[in-house]
Amino acid sequence: MIEETVLHEELDPARYIERVSLVSGEVLDEPILPRQLLVRYHRDYHVVDIHARHMMSRMMRATGDPEATRRKMKERRRQGHRAASVIARAIGQKDVTKVSKALFGLKDREYFFRYKKPYIAREEVQDRLAELKQEATEKWQAARADGPPRVRVLLTGGTGFVGKEIIWQAAHDDDVEEMIVVIRPKEVRDRKTREVIETRSPKQRGEVLLDRLWLDTPEQRSKFRFVAGDVEQPELGLEPAVIEELESRLTHVIHCAASVAFDDPYEKSFHANVTGTLNALRFSHRLQTAAESPFVAHLSIETSYIHGRQVRDTAREDEIVFPRNFYNNYYELTKAMASIETERFMLAKGLRVIQLCPAIVIGESRAGNNRGDTKVVNAPVNLFGRAQEALGSTTGSWVDRSKGSMLARMACTFPGDPSAEINMIPVDRVVAGIIAALKKPAAVGERVHLATDNRLKSEQMIRVVEEELGIKVKLAEPTLHRTVTLPGMTRLLKRMKQEKIARALNTLGTIFGGYSEWGQPVHEVGNDVRLLGLSETRPNTQHAFRMLCRHNKYVQNFGKLWDLDEMSRREKVWWEFIEDLEDLAGRPAGSMSAVDFRGALKLGLDLAKFERKGTGT
Ligand SMILES: NC(=O)c1ccc[n+]([C@@H]2O[C@H](COP(=O)([O-])OP(=O)(O)OC[C@H]3O[C@@H](n4cnc5c(N)ncnc54)[C@H](OP(=O)(O)O)[C@@H]3O)[C@@H](O)[C@H]2O)c1
């Protein structure tokens, strides 16, 4: 594993982060290992620590007061230190720290981490950003000199969840004249044997993408061009002739490609997210500095979770600090490093950049459509759904049925605190922000959270899941679940030869559990409205989450539908059904109760054929 060996200089976190002594305030010349920057490195190292975390979590549940819980824990730590010094004296041990570590797991960190940033006086930063905004405004005026704006964009990540919505909205936006999408070839493997059965070219992938997005008119299709590339390669892996041609055409670059896997190792996340971002920034800088360049700005798609587990203060839009409580995974960490690189390019090289930071992106706000995405929040919802189906199964022997029922009950336990607030934002709102940013030169130099102000608590999500899917999910205390229940369940499942479920549960618990523990970050919002002109009323998260559950159940079959052509057909039928339903009901489908919605569904949709009743479509 990379972390256990010497890191290649390029990957060294010390390029971005420094370790500072809490005692002297000096920067410590000690190596920084990637794993030291994650939450999991700093917990569960001692039985007393586990117990203390468990108690904190219980106290949070009982009081709902994070500050009181932290105060109480500090008091306990002080008591532990006092007891350790008494015991150390009694046994003649001079090193009290050794005693407190061994007996009570009390290890006071003597350092903290912070991002390395060159010192630039605030006024100087403001002057530089004002210059960049001014330049962007002039370029933007040139792009709309004689008539409507002519936006010509290069997009990375167009085949992904967010990228598809960007293509869809761009197709319907008259100001976007042309979109060049960078796509890598794709190997298609046999689902069973994993053998490569076909390699799809970027052009083929692009054409299929347009079909699946229901973009069928010649005007819509002619806007898009698909070029071969790979963001991890210099110049994005584009052919020199393509770059030359683009230099005189492009007004914007949207860098959206990334690896959004919460369980990727550090090196993989780094290459996709940091190296990929650096290549995109260099590419944009080349465009910006080319002679007669029409280039307006680079849009960097980041995440509001670059703030990691910064839980005390609101995560601000105008700054990034190393989180007191570290990062949940290497995805967040490397996205934060990429954000630091983006800031550097802006301030040191004068690249005109807008940083856009979505929270957890979920399906479209009206119908829940997500074009086959199964990541992040979809993963637990789909697992619960499949577990529920197993629970209700009436086939097989009595033994099989009771085994299935036991497995399902296990799968429906999720580590989380009822009060944990999760920041989910529908993809259409995120992309409305991205498309708006293309036309807002005043947003250059700014970081914008594309997040919600109506966060959903775990307990509300659990309630919606029960109402919509009939699944009773039990929220387990996270520390106990992580350290005792989950390892026990995994052992049992393996003994029952249920490796797949064991793996799914582990992934779910260890990878997604971090997002439903107490003390989640609160992301400041406001720039989305002030700078991008989005509506002040952000989508209703509860409604959107309801629609996610309904969509994943009926359209996506809880992730069991793999055929993306069929997915596209179903989503169209679903969209039209929801549109008509809303017209009839005079209110959003997401505001309808589970019972009313199911009633309407029965009347309007043949679920077996997935067709509208009475229309044959
Ligand atoms: N989904 C979320 O909840 C969420 C939340 C906050 C921020 N974001 C950010 O939004 C952006 C898009 O996320 P997403 O959910 O759409 O991710 P996604 O569905 O996993 O899509 C990732 C995209 O990046 C492309 N890509 C990855 N590595 C590449 C490479 N080396 N060369 C070329 N293309 C490459 C993928 O292409 P292939 O099809 O070839 O694999 C795909 O198009 C990311 O920057 C992510 O950090 C997402």
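Let me spell it out: the conditions are (1) more than 30 Å from Ala272 (Cβ to Cβ); (2) in a loop (DSSP other than H, G, I, E, B); (3) free of Cβ contacts under 8 Å to residues at least 60 places away in the same chain, and Pro31 meets all of them except one. Which number is the exception?
(1)
Within region 476-509, how many residues are within 27 Å of Pro66 (Cα to Cα) and free of Cβ contacts under 8 Å to residues at least 40 places away in the same chain?
The total comes to 1.
Can you confirm whether region 180-198 contains a residue that is closer than 24 Å to Leu281 by Cβ, under 28 Å from the mean Cα position of the chain (by Cα) and part of a helix (DSSP H, G or I)?
no
Please give the number of the condition Ala338 fails out of (1) under 30 Å from Leu213 (Cβ atoms); (2) surrounded by fewer than 23 Cβ atoms within 10 Å (Cβ to Cβ); (3) among the hydrophobic types (A, V, I, L, M, F, W, C).
Answer for Ala338: the failing condition is (2).
Which one is nearest to Ile166 (Cα to Cα), of the residues in region 277-319 that are of a type in the set (A, V, I, L, M, F, W, C), within 12 Å of the ligand (Cβ to nearest atom) and touching a helix residue (DSSP H, G or I) at 6+ places or on another chain (Cβ under 6 Å)? Let's see the steps before the verdict.
Going through region 277-319, the residues of a type in the set (A, V, I, L, M, F, W, C) turn out to be 278, 280-281, 283, 287, 290-291, 295-297, 299, 301, 306, 311, 315.
If we keep only those that are within 12 Å of the ligand (Cβ to nearest atom) as well, we get 280, 299, 301, 306.
Now drop any that are not touching a helix residue (DSSP H, G or I) at 6+ places or on another chain (Cβ under 6 Å), which leaves 299, 306.
Working: Leu299: 12, Ile306: 22 Å.
Once the filter is applied, the top-ranked residue is Leu299.
Taking the conditions exactly as written (within 16 Å of the ligand (Cβ to nearest atom) and either of a type outside the set (A, V, I, L, M, F, W, C) or surrounded by 14 or more Cβ atoms within 10 Å (Cβ to Cβ) (or both)), does Thr193 satisfy them or not? Working first, answer last.
Numbers: within 16 Å of the ligand (Cβ to nearest atom): no; either of a type outside the set (A, V, I, L, M, F, W, C) or surrounded by 14 or more Cβ atoms within 10 Å (Cβ to Cβ) (or both): yes.
No; evaluated as a whole, the condition is false for this residue.
Might you check whether a residue that is touching a strand residue (DSSP E or B) at 6+ places or on another chain (Cβ under 6 Å), more than 30 Å from Glu135 (Cα to Cα) and at pLDDT 95 or above occurs anywhere in region 427-448?
Within region 427-448, one or more residues are touching a strand residue (DSSP E or B) at 6+ places or on another chain (Cβ under 6 Å), more than 30 Å from Glu135 (Cα to Cα) and at pLDDT 95 or above.
Determine which member of the set Ser85, Ser100, Ser57 is in a helix (DSSP H, G or I), closer than 30 Å to Val27 by Cβ and of a type in the set (Ser, Thr, Tyr).
Values: Ser85 fails: closer than 30 Å to Val27 by Cβ; Ser57 fails: closer than 30 Å to Val27 by Cβ.
Of the residues listed, the single one that is in a helix (DSSP H, G or I), closer than 30 Å to Val27 by Cβ and of a type in the set (Ser, Thr, Tyr) is Ser100.
Please list, ordered by residue number, the helices (runs of 4 or more DSSP H) wholly in region 202-266 having 2 or more residues that are more than 29 Å from the chain's Cα centre (by Cα). So that I can check it myself, show each step before the final result.
Working: elements: 202-212, 218-222, 240-247.
Once the helices (runs of 4 or more DSSP H) in region 202-266 are filtered for at least 2 residues that are more than 29 Å from the chain's Cα centre (by Cα), what remains is 218-222, 240-247.
Answer yes or no: is there a residue in region 568-576 that is part of a helix (DSSP H, G or I), hydroxyl-bearing (Ser, Thr, Tyr) and closer than 18 Å to Val464 by Cβ. Before you say what the answer is, go through the steps one by one.
Filtering region 568-576 down to residues part of a helix (DSSP H, G or I) leaves 568-576.
Narrowing further to those that are hydroxyl-bearing (Ser, Thr, Tyr): 568.
If we keep only those that are closer than 18 Å to Val464 by Cβ as well, we get none.
The answer is no; no qualifying residue exists.
Exactly one of these conditions fails for Trp140: (1) touching an Asp or Glu at 6+ places or on another chain (Cβ under 9 Å); (2) within 22 Å of Thr289 (Cβ to Cβ); (3) buried (at least 20 other Cβ atoms within 10 Å of the Cβ). Give me its number.
(1)
Working only within region 237-276, note down all residues that are within 12 Å of the ligand (Cβ to nearest atom) and either charged (D, E, K, R) or touching a His at 6+ places or on another chain (Cβ under 9 Å) (or both).
Of everything in region 237-276, those that are within 12 Å of the ligand (Cβ to nearest atom) and either charged (D, E, K, R) or touching a His at 6+ places or on another chain (Cβ under 9 Å) (or both) turn out to be Ile254, His255, Ser259, Asp264, Lys268, Gly276.
From the list Glu477, Glu536, Glu468, exactly one residue is buried (at least 18 other Cβ atoms within 10 Å of the Cβ), in the same structural domain as Phe597 (by TED's automatic domain parsing), under 30 Å from Glu576 (Cβ atoms) and over 20 Å from the mean Cα position of the chain (by Cα). Which is it?
Values: Glu477 fails: under 30 Å from Glu576 (Cβ atoms); Glu536 fails: buried (at least 18 other Cβ atoms within 10 Å of the Cβ).
Result of the check over Glu477, Glu536, Glu468: Glu468.
Since Phe112 meets every condition but one in (1) within 16 Å of the ligand (Cβ to nearest atom); (2) among the hydrophobic types (A, V, I, L, M, F, W, C); (3) over 30 Å from Glu292 (Cα atoms), which condition does it not meet?
The one condition Phe112 does not meet is (1).
In region 354-392, how many residues are part of a loop (DSSP other than H, G, I, E, B), among the charged types (D, E, K, R) and more than 11 Å from the ligand (Cβ to nearest atom)?
2
Any idea which of Glu317, Glu302 is closer than 29 Å to Arg530 by Cα, of a type in the set (Asp, Glu) and either free of Cβ contacts under 8 Å to residues at least 24 places away in the same chain or crowded, with 24+ Cβ neighbours inside 10 Å (or both)? Write out each step before concluding.
Values: Glu317 fails: either free of Cβ contacts under 8 Å to residues at least 24 places away in the same chain or crowded, with 24+ Cβ neighbours inside 10 Å (or both).
The conditions single out Glu302.
Residue check: is Leu210 in contact with a strand residue (DSSP E or B) (Cβ under 9 Å, 6 or more places away or on another chain) and within 16 Å of the ligand (Cβ to nearest atom)? Break it down into steps so the answer makes sense when it comes.
On the way: in contact with a strand residue (DSSP E or B) (Cβ under 9 Å, 6 or more places away or on another chain): yes; within 16 Å of the ligand (Cβ to nearest atom): yes.
Spelling it out, Leu210 is indeed in contact with a strand residue (DSSP E or B) (Cβ under 9 Å, 6 or more places away or on another chain) and within 16 Å of the ligand (Cβ to nearest atom).
Please determine whether any residue of region 161-176 is in a strand (DSSP E or B) and under 21 Å from Arg212 (Cα atoms).
To start, the set of residues in region 161-176 that are in a strand (DSSP E or B) comprises 176.
Imposing the further condition that a residue be under 21 Å from Arg212 (Cα atoms) reduces the set to 176.
The answer is yes; a qualifying residue exists.
Among the listed residues Gln169, Gln204, which satisfies the condition of being without any contact (Cβ under 8 Å) to a residue 40 or more places away in the chain and among the polar types (S, T, N, Q)? Please lay out each step first, then the result.
Numbers: Gln169 fails: without any contact (Cβ under 8 Å) to a residue 40 or more places away in the chain.
Sole residue among the options that is without any contact (Cβ under 8 Å) to a residue 40 or more places away in the chain and among the polar types (S, T, N, Q): Gln204.
Conditions tested, residue by residue: (1) among the acidic types (Asp, Glu); (2) away from the ligand (no atom under 16 Å from the Cβ).
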| position | (1), (2) |
| --- | --- |
| Glu124 | yes, yes |
| Arg144 | no, yes |
| Arg150 | no, yes |
| Thr156 | no, no |
| Trp168 | no, no |
| Glu177 | yes, yes |
| Pro202 | no, no |
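The values are calculated or read from the model by the stated rules, or taken from the named source; none is laboratory data. Remember, it's a predicted structure, so these values are computed and weren't measured experimentally. Reconstructed Cβ throughout: ideal geometry from the backbone, glycine too, with neighbour counts over all protein chains shown.
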